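This report concerns only the one structure given below.
What follows draws every value from the coordinates through simple rules; no lab data is involved. The shown structure was predicted, so the numbers you read here are calculated from the model rather than taken from an experiment. Note that we place each Cβ from the backbone using ideal geometry, even for glycine, and neighbour counts take in every protein chain shown.
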Amino acid sequence: MAASRTETDASQWEYTTYAPAGEKCSACMKPFKVLERVRRGHMERVSGAPITLYRHLGECPK
Ligand SMILES: [Zn+2]
C-alpha cells in the first residue's frame, strides 16, 4: 500500500466532531457511544442531496 492516507471511499472527510445521538458508523454499522469522537464527512449522490456520514475516529476505516 502507498503511504498516502487519502480516502477513496468517500468524497470528503471534513472534520472531527462528536457523534450525534442515534448515528451509526458508515464503515462498521455499529452505533456510536454518547459523545464519542468521530470523523464527519459526506458523500455525493446522483439523485438527491448529499448524505452525511460519520465514522469511528482512528478505527474506521482500517
Ligand atoms: Zn466504525
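Ranked for footprinting exposure by Cβ neighbours inside 10 Å, fewest first, C28, C60 give C28, C60.
Among 46-52, 33-39, 17-23, the peptide with the highest mean count of other Cβ atoms within 10 Å heads the list, and the full ranking is 33-39, 17-23, 46-52. In a reduced charge model with +1 at each Lys and Arg Cβ and -1 at each Asp and Glu Cβ, segment 12-56 shows a dipole moment near 160 debye about its Cα centre. Let me know the shape class of segment 12-56, please: from the alpha-carbon gyration tensor, a ≥ b ≥ c as square roots of the eigenvalues, rounded when a/c is under 1.5, otherwise prolate if a/b is greater than b/c, or oblate. Prolate is the answer for segment 12-56, as a/c is 1.5 or above and a/b outweighs b/c. In order along segment 37-53, phi translates into HN-Hα couplings of 6, 9, 9, 9, x, 9, 10, 6, 10, 5, 10, x, 6, x, 9, 8, 10 Hz, rounded to whole numbers, per the Karplus curve 6.51 cos²θ - 1.76 cosθ + 1.60 with θ = phi - 60° and x for Gly and Pro.
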